[in-house]
Amino acid sequence: MSTREVSAMIKQGFISDPTLSFSPSRTAATTASRIYSPSSSPPPQQPQPQLTESTQPLTRPSHNQSTHHPTLFEMMSQEQLHETTKPIKSQSRIFKLLSEFKNPKNNCGESFTYLALGPGDVRLTVVGKDGFRVCMDVHKKVLAEKSRFFAEKLARKDKENREMLHMVEISECDDVEVYVETVVLMYSDDLKRRLLGESLDKVLSLLKVSAAIMFDTGILSCLEYLEAIPWSMDEEEKVISLLSQLELHDSATEVLQRVTSEPSTSRRADDIFLKLLSGVLQAKDDKARREMKTLVSRLLREDASDYDNRHDVSKDTLYSLCHRCLSSLVLCLSEATCTDDSRRDRGVLMAEIAREADNMQWLVDILIDKKMGDEFVKLWADQNELAILHSKIPTMYRHEISRITAQLCIAIGRGHILVPKDTRFSLLSTWLEALYEDFGWMRRSCRSVDKKLVEDGLSQTILTLPLLQQQAILLNWFDRFLNKGSDCPNIQKAFEIWWRRAFIRQYAAEQDSSNLQITVCDYKI
């Protein structure tokens with residue numbers, strides 16, 4: 001091989017340059033150390049990372065002695081047998097990382113550089129779970145200054161107070177590349193710049209390794225990075241999970257402020273809910289109002305499914321809003337019954353009635369979802385004034401109000417609301433006639449109204465009443481249905497069940513005709 005070819009291979013790092021190397025054979029001995037990866041399960045009887053050392057003096061090679069320093073090629077291929085099991089992309093990234101580490105193109109004012117510090121005095125070997133191995137010569141000065149873990153373990157001298165040459169092996173690593181990169185980061189004074197553009201998963205991995213070796217600057221830089229970048233929902237779970245595992249406490253406070261706050265009282269949370277719900281009810285833009293109703297309803301349902309949630313919207317807040325809507329409905333209907341051409345535009349007034357009725361329907365849905373609707377049934381059943389006003393305005397403007405009655409009947413029929421029979425009968429006594437009158441308009445003008453669902457709910461509600469009350473309601477319905485047809489709810493099934501109960505399967509309490517006798521005897525103990 002020609003001299004030019006040898007020189008080229010030395011420059012490319014595939015053959016060691018004797019003038020840059022030191023010889024382990026010239027040292028009397030070395031200190032051998034092994035660190036087990038904190039992110040993996042350690043070997044038996046070694047639950048924490050440990051260094052097993054022997055005290056050996058450190059000597060430096062002379063220029064006249066034959067020396068050998070591992071090249072970058074050797075650093076990347078210490079075990080040829082295992083190299084093929086490591087993904088090629090990862091090997092390529094590690095090779096590039098080590099190449100830039102040993103021969104940086106731009107130091108950018110770094111106080112530590114590999115070339116400036118001279119030959120390394122610590123042989124660091126990182127071994128993956130698959131056996132892939134990377135060796136690097138690094139500097140005790142850097143490791144000890146940047147890592148409290150290394151500072152403690154490498155601060156050893158022999159009996160003659162001479163420094164040791166250390167050989168450190170980190171075994172069973174989940175990701176060799178991350179361990180190597182963490183060590184490289186110790187040589188940087190501007191970690192923020194080095195982390196720019198990295199993925200969140202990579203930074204989390206670097207944080208985990210930095211915490212394991214107590215690399216405080218690395219921990220702080222990773223946390224600052226996490227605090228500054230946006231997270232997706234999946235990434236948020238990863239961040240919270242890792243920070244809880246690492247138990248960094250005060251160091252992670254600023255990062256976690258994005259997802260946590262100072263402990264809040266139920267009253268404070270309820271004030272927020274009241275503001276949000278009131279904002280939706282009073283919104284001026286109908287499209288935005290519909291969108292926010294859907295959003296808030298979905299979020300409140302998610303809260304209801306979380307049994308650990310201690311700051312759900314309170315019953316008092318919801319019912320205060322219900323009373324507000326009822327007052328608005330009464331006011332609107334009162335104006336509608338006495339309005340004339342000289343007063344407010346009738347169309348605007350009727351739009352307000354529909355809007356307030358829609359608001360009430362939304363609140364009733366929330367109450368039912370929250371299992372708080374029982375008191376509203378009694379409240380709605382007692383609205384005799386509103387029912388009278390309702391009967392005095394045209395059906396086309398009032399039918400939205402009857403949808404509230406339909407909602408309650410569906411919920412009662414499904415067993416989602418439990419109220420006494422007197423309350424159920426009072427509900428139908430007050431609002432059933434209005435529901436009959438408005439049913440045709442409800443069915444034709446509201447796409448969201450499920451005709452069969454309303455009919456089934458009404459049927460089931462009627463059938464929960466005492467038999468004589470069922471009879472009175474269903475006979476009245478029978479006459480109405482014959483005259484109105486499809487404009488009246490079809491509750492034939494309820495009629496059939498009542499008929500069978502009344503005339504076919506009559507249940508009577510029979511006397512106990514058995515000869516069973518019970519004798520009680522007292523025994524002395």
Table column - 3J(HN,Hα) (Hz), region 393-410, Karplus curve with 6.51, -1.76, 1.60, x for Gly and Pro: 10, x, 4, 4, 9, 10, 4, 4, 5, 5, 5, 5, 4, 4, 4, 5, 5, 4
Probe radius 1.4 Å, ligands and nucleic acids ignored: give me the carbon and sulfur share of the accessible area of region 416-476 as a rounded percent. 55 percent
Can you pull the one-decimal nm distance between simple spin-label points at residue 371 and residue 414, each 7 Å off the Cα toward Cβ? 1.5 nm
Taking R0 as 25 Å, what's the FRET efficiency between residue 258 and residue 319 from their Cβ-Cβ distance, rounded to 0.05? 0.15
Of the trypsin sites (Lys or Arg not before Pro) in region 114-156, those whose Cβ has at most 15 other Cβ within 10 Å and which sit in DSSP loop: 129
Quick check: residue separation of residue 228 and residue 421 times 0.36 nm, minus the Cα distance between them. What number comes out in nm? 63.6 nm
Checked against a 28 Å limit on the C-alpha separation, the offending pairs among 238/275; 315/452; 371/484; 284/452; 96/146; 275/451 are 238/275; 315/452; 371/484; 284/452; 275/451
Which ³J(HN,Hα) values, rounded to whole Hz and listed in residue order, are derived for region 219-225 from phi using the Karplus coefficients 6.51, -1.76 and 1.60 in 6.51 cos²θ - 1.76 cosθ + 1.60 with θ = phi - 60°, glycine and proline given as x? 4, 4, 5, 5, 5, 5, 5
Sequence-distant or interchain residues sharing an amide H contact under 5 Å with residue 167, placed H: which? 31, 32, 33, 123
Cα to Cα, under 19 Å, and not fewer than 8 places away if on the same chain: which lysines meet these conditions relative to residue 153? 140, 141
The ³J(HN,Hα) series, computed from each phi in region 117-132 with the Karplus coefficients 6.51, -1.76 and 1.60 at θ = phi - 60°, rounded to the nearest Hz and given as x for glycine or proline, is 7, x, x, x, 10, 10, 8, 9, 10, 10, 10, x, 5, 8, x, 4
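The values are calculated or read from the model by the stated rules, or taken from the named source; none is laboratory data. This is a predicted model, so every value here is computed, not measured. Glycine gets a Cβ as well: all are built from the backbone with ideal geometry, and neighbour counts include every protein chain shown. With ligands, DNA and RNA removed, areas are computed over all heavy atoms of the protein, side chains included. Shrake-Rupley method; radii C 1.70, N 1.55, O 1.52, S 1.80 Å.
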